[in-house]
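Peer 1: Take a look at this one; I'll ask things after.
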Amino acid sequence: MSDPKCRWQPPEDWSQWSQWLAAGLHARNRWRLPVLLIGILFAHGRRTVTTWLRAAGVSADYQDYYYFLSVLGRKTESVATRLLALILRTLPLGDRLLAVLDDTPTKRYGPKVEGADIHHNPTPGPADQKYLYGHIWVTLSLAIRHPRFGALALPLRAMLYVRRQTMAKIPRWRGWAFATKLVLAARLVEWIAPIVKQAGKTLWIVVDGGYTKAPFLRRALRAGVTIIGRLRKDAALRDLPRKLRPGRRRGPGRPRKYGKNKISLAKRAAHRHGWETVQCTVYGKTVTKLYKTFLATYRPAGGLVRVVIVEEDHDWFPFFSTDPNATVVEIIEAFADRATIEQDFHDVKEVWGAGQQQVRNIWTNLAVYHLNLWMHALVELRSWEHPHDKLCDRSQSPWDDPNRRPSHADRRKALRKHILRNELSTLAAVWSLPRKFTHLAQRLMELAL
């Protein structure tokens, strides 16, 4: 079922995808999700929920849509599961998937926004703002390498981190429970791992140094995934337990899991000998890296890990993999692809306006953030097979690099143009509009988009 008052008629594949995502919702209001998605696509200015509804042409029913958002916030897992299934079915992915985990803040305003509090600002900017008031989102994206445009990520699902002292401001009937960032990240891994396994693929998870801790690593490893991450330079590594000589009996108790001797990453990195070189693809370029690698035991990871120390021009960085058979190239390239989620955070905020939606209910906040994530993933998914010239035209910008890969804003703009041109061609076929009217409409379209 579709809303007859919706202004736009999206492409057939977009309609099928949005209806597929909505199929997990209650039949009474599932038809509202495709309407909201098309409204988000054409919204402009400050991206509040009211601008979404105004762009979709359903402003008169705003109360019903706000109620729908609060319901959608409790169903984000169901919709995200269907989105992941859609991606696995649509894109030509290999046998191993790479997912990226990280957290990001969105600025909010007003003391009655549930779940919002003061947090450290990861990007202080010129004003050097060390703190911000808003939400913290632990987000999971699927990192993929496009055959023409390089590494990109499709955001799937997020969980809202609420500080313990902020829990008292959330009404009890919301049913919200406190959890740390590490626990929320582990829940995301426990959600995606069975789906990927059922699809017959293996899963690697890439995290930054803030998530290389036991509460996350132990639960994630029990889910059957491989963790790639960055180590602290003073990480408590130990060597491998000594093997017994053949014929020698082991003493009472279980065999040793960790070695007796500590390993100093700083000393290993400072030693001049033992460095090797390898070529790998990092940030879209083939480069030569200087590295050292060895096996060690790491208590937060529960045992054996492979450690890779990479020497850069200005410093050295240690990485690890919970799969000891992982190669140096795989570890370096996987961690380099972690940067794709940072691009997601930029696009979700700058292109789709995450954090600008003025809603207070905590479940509604969860819904609107996920809608921004899903719009990002759907636009990237639809642009996957489109050539460069169909996604962007820089002929009017001679100062720009014409070969630069299309940005996410270019991809969104191309989809909007496609819908508007279809609308115009339909009108021209029915009403036989003069050619100069058609050309004028196209010029106005270029200026508007």
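The values are calculated or read from the model by the stated rules, or taken from the named source; none is laboratory data. These figures come from a predicted structure and were not determined experimentally. FYI the Cβ positions are ideal-geometry reconstructions off the backbone, even for glycines, and counts take in every protein chain you see. Side chains are part of the model used for accessible areas, which takes the heavy atoms of the whole protein and leaves out ligands, DNA and RNA. Shrake-Rupley method; radii C 1.70, N 1.55, O 1.52, S 1.80 Å.
Peer 1: If we keep just the residues of the range 115-135 that are hydrophobic (A, V, I, L, M, F, W, C) and open to solvent by 10 Å² or more (accessible area, probe 1.4 Å), which is nearest to the chain's Cα centre (by Cα)?
Peer 2: Across the range 115-135, the extreme among qualifying residues is 132.
Peer 1: Can you pull out every residue in the range 295-316 that is surrounded by fewer than 17 Cβ atoms within 10 Å (Cβ to Cβ), touching a residue at least 12 places away in the same chain (Cβ under 8 Å) and farther than 15 Å from residue 236 by Cα?
Peer 2: Residue satisfying the conditions is 311 alone.
Peer 1: Is it the case that some residue within the range 307-325 is outside any helix (DSSP H, G or I) and within 20 Å of the chain's Cα centre (by Cα)?
Peer 2: no
Peer 1: Something else: Of 424, 415, which residue is at pLDDT below 85, out of contact with any strand residue (DSSP E or B) (no Cβ under 7 Å at 6 or more places or on another chain) and either surrounded by 11 or more Cβ atoms within 10 Å (Cβ to Cβ) or not hydroxyl-bearing (Ser, Thr, Tyr) (or both)?
Peer 2: Going through 424, 415 in turn, just one is at pLDDT below 85, out of contact with any strand residue (DSSP E or B) (no Cβ under 7 Å at 6 or more places or on another chain) and either surrounded by 11 or more Cβ atoms within 10 Å (Cβ to Cβ) or not hydroxyl-bearing (Ser, Thr, Tyr) (or both): 424.
Peer 1: Now for a separate question. What pairs come out if I take residues in the range 102-119 that are closer than 22 Å to residue 175 by Cβ and pair them with residues that are of a type in the set (S, T, N, Q) and open to solvent by less than 10 Å² (accessible area, probe 1.4 Å) whose C-beta lies under 6 Å away, six or more apart or interchain?
Peer 2: Cβ pairs passing all conditions: 117/166.
Peer 1: Could you check the range 164-190 and list, in sequence order, the residues that are closer than 26 Å to residue 222 by Cβ and either open to solvent by less than 30 Å² (accessible area, probe 1.4 Å) or in a helix (DSSP H, G or I) (or both)?
Peer 2: 164, 179, 181, 182, 183, 184, 185, 186, 187, 188, 189, 190, listed by residue number.
Peer 1: Between a first residue in the range 271-288 that is at positive phi and a second residue that is open to solvent by less than 100 Å² (accessible area, probe 1.4 Å) and among the small types (Gly, Ala, Ser), which pairs have beta carbons less than 9 Å apart while being 6 or more apart in sequence or on different chains?
Peer 2: 283/150; 283/151; 283/336; 283/339; 284/150; 284/151
Peer 1: Based on what the data block shows, is residue 86 more than 28 Å from residue 162 (Cβ to Cβ), in a strand (DSSP E or B) and modelled with pLDDT of 95 or more?
Peer 2: no
Peer 1: Ok, one more. Quick check: anything in the range 386-402 among the aromatic types (Phe, Trp, Tyr) and either touching a helix residue (DSSP H, G or I) at 6+ places or on another chain (Cβ under 8 Å) or open to solvent by less than 40 Å² (accessible area, probe 1.4 Å) (or both)?
Peer 2: no
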